[in-house]
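Chemist: Have a look at this one.
The values are calculated or read from the model by the stated rules, or taken from the named source; none is laboratory data. Note that the structure is predicted; figures quoted are calculated from it, not measured. In this analysis, Cβ positions are derived from the backbone assuming ideal geometry, glycine residues included, and neighbour counts consider all displayed protein chains.
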Amino acid sequence: MRPLAERGVPLQEHLGSSLNRLTDWDAARIFLEVVRCGSFRSAAERLSQSVNLVRRRIDDFERQTGAMLFTRDVHGTRLTDEGALVVSAVERMEAASFDLLRARGSVTQNLAGEVRVAITEGLGTFWLAPRLVEFQQAHPNILVDLHCAMQSADVQRHEADIAIQLSRPTTLDVKMVKLGRMHVMFFASEKYIETFGAPKTYQELIRHRVVMQFADQTGAKEIFDSWFPGISQLDLLVMRTNVSSANYWAVSKGAGIGLLPTYAFALSSKLVPLQIDLCRPFDIWLSYHPDSNRIPRIRRMIDWIIEAFNPVKFPWFRDEFIHPNVLKDVYKGEPLINQFEGFSG
């Protein structure tokens, strides 16, 4: 194919005309994902599609625009000059589509419809989901789409209405609320302690069986390298997992000692916090698009979530570390163990 400029049509004019006639907006969305991820494979994982399907959609999109948008090599994909122009145009279209979706949501003033909440897998599974019954009883016409994953969601790109994550959002023009702070420390099950004993010092800990969760936002590699310098994972770990639920069950069933949030004492009476002076705090951040504040059902969900993490009511979300043995006396609310009977070890 000859370069566009050689065919007597200015590049910007040709691409603009092509995009005006564009009918496959899904291909445009996939194109943006490849640009943002830097490779077909990473984009395919992000989109939960096969690599071959992503490549076919990009080929289709290039035929629609009449231009080669990427060069491909062993290092990934690189935008051509034509591709860079298309990125700018498609990002404006994406922003306009998000504005349309938010405008459609704000038309409905009653407390009904869908609210999409993206949250880390552990907080979603063990803290928020068991408490959602309170919200549902008060607002039966709101559908809560709870997406639990360790990958952050971008509310600016309409991936979720509300995002809760363990790292401060870096996206510009979003509203942020610090919900509280989660403290993680080492726990073991009664069963494990009966079999192997409970380590009381660092030197005793490194002779025990340890399980850890390695995933986005957990900082596990940095924690391991900082706490156990010179020790390989093969020498210390007996299990490594990517999700909080598997990490929890491994600890609660006695597979090994592991890091859990200090509120784990409310998940099971058979989990024992260890007297080892190793603890890691994670700030919990809520983010949402500024326009979402005008949608009643989303505003109501935001207010409810803020209260669900209220450090005054739930002291394990305070900035300062409070040992679980003390938390049992500090917490004055209703017994939480009743909410987690299905998770007891």
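Chemist: Taking the criterion of being within 23 Å of the chain's Cα centre (by Cα), within 21 Å of TRP316 (Cβ to Cβ) and charged (D, E, K, R), would at least one residue in the stretch 122-132 satisfy it?
Modeler: Yes, the stretch 122-132 contains a residue that is within 23 Å of the chain's Cα centre (by Cα), within 21 Å of TRP316 (Cβ to Cβ) and charged (D, E, K, R).
Chemist: Do we find that LEU85 is modelled with pLDDT of 80 or more, in a helix (DSSP H, G or I) and in contact with a Pro (Cβ under 9 Å, 6 or more places away or on another chain) in this structure?
Modeler: So LEU85 does not fit the description; no.
Chemist: Filter the stretch 47-81 for residues that are within 13 Å of PHE31 (Cα to Cα), touching a residue at least 40 places away in the same chain (Cβ under 8 Å) and assigned to a helix (DSSP H, G or I) and give the result.
Modeler: Correct list: GLN64, THR65.
Chemist: Filter the stretch 198-211 for residues that are surrounded by 12 or more Cβ atoms within 10 Å (Cβ to Cβ) and over 20 Å from ASN247 (Cα atoms) and give the result.
Modeler: Result: TYR202, GLU204.
Chemist: Taking THR170 and the conditions (1) surrounded by fewer than 19 Cβ atoms within 10 Å (Cβ to Cβ); (2) part of a loop (DSSP other than H, G, I, E, B); (3) among the polar types (S, T, N, Q); (4) in contact (Cβ under 8 Å) with a residue 24 or more places away in the chain, which numbered condition does it fall short on, given that it satisfies the others?
Modeler: (4)
Chemist: Quick check on my filter: what residues within the stretch 25-39 are basic (Lys, Arg) and in contact (Cβ under 8 Å) with a residue 60 or more places away in the chain?
Modeler: ARG29, the sole residue that qualifies.
Chemist: List every residue pair whose Cβ atoms sit under 8 Å apart, with the two residues 6 or more apart in sequence or on different chains, where the first one lies in the stretch 125-140 and is among the polar types (S, T, N, Q) and the second, anywhere, is in a helix (DSSP H, G or I).
Modeler: Pairs that qualify, where the first residue is among the polar types (S, T, N, Q) and the partner is in a helix (DSSP H, G or I), are THR125/SER244; THR125/SER245.
Chemist: Residues of the stretch 278-293 being at pLDDT 90 or above and not hydrophobic (A, V, I, L, M, F, W, C), which ones?
Modeler: Matches in the stretch 278-293: ARG280, PRO281, ASP283, SER287, TYR288.
Chemist: Another one. Scan the stretch 232-269 for residues that are closer than 29 Å to ASP319 by Cβ, modelled with pLDDT of 90 or more and assigned to a loop (DSSP other than H, G, I, E, B) and jot them down.
Modeler: ASN242, VAL243
Chemist: While we're looking at this one, here's another question. What number of residues within the stretch 173-210 are touching a residue at least 12 places away in the same chain (Cβ under 8 Å) and not in a strand (DSSP E or B)?
Modeler: 17
Chemist: Continuing with this model, one more query. Please find, within the stretch 113-137, the residue that is surrounded by the fewest Cβ atoms within 10 Å (Cβ to Cβ) out of those that are charged (D, E, K, R) and either touching a Gly at 6+ places or on another chain (Cβ under 9 Å) or modelled with pLDDT of 90 or more (or both).
Modeler: Residue satisfying both the conditions and the ranking: GLU114.
Chemist: Right, next: Go through the stretch 220-243 residue by residue and tally those that are surrounded by 16 or more Cβ atoms within 10 Å (Cβ to Cβ) and on the phi > 0 side of the Ramachandran plot.
Modeler: Residues that pass the stated criteria total 0.
Chemist: Quick one: in the stretch 244-260, which of the residues that are more than 19 Å from ILE193 (Cβ to Cβ) and surrounded by fewer than 18 Cβ atoms within 10 Å (Cβ to Cβ) is nearest to the chain's Cα centre (by Cα)?
Modeler: Only one residue fits best here, namely SER245.
Chemist: Is it the case that some residue within the stretch 48-62 is closer than 30 Å to MET182 by Cβ, among the hydroxyl-bearing types (Ser, Thr, Tyr) and modelled with pLDDT under 85?
Modeler: Checked against the condition, which is being closer than 30 Å to MET182 by Cβ, among the hydroxyl-bearing types (Ser, Thr, Tyr) and modelled with pLDDT under 85, the stretch 48-62 yields at least one hit.
Chemist: If you go through the stretch 296-336 one residue at a time, how many are assigned to a loop (DSSP other than H, G, I, E, B) and either modelled with pLDDT of 90 or more or surrounded by fewer than 13 Cβ atoms within 10 Å (Cβ to Cβ) (or both)?
Modeler: 16
Chemist: To continue, here is another question. Quick one: is ALA149 of a type in the set (A, V, I, L, M) and in contact (Cβ under 8 Å) with a residue 60 or more places away in the chain?
Modeler: Judged against the criteria, ALA149 is not a match.
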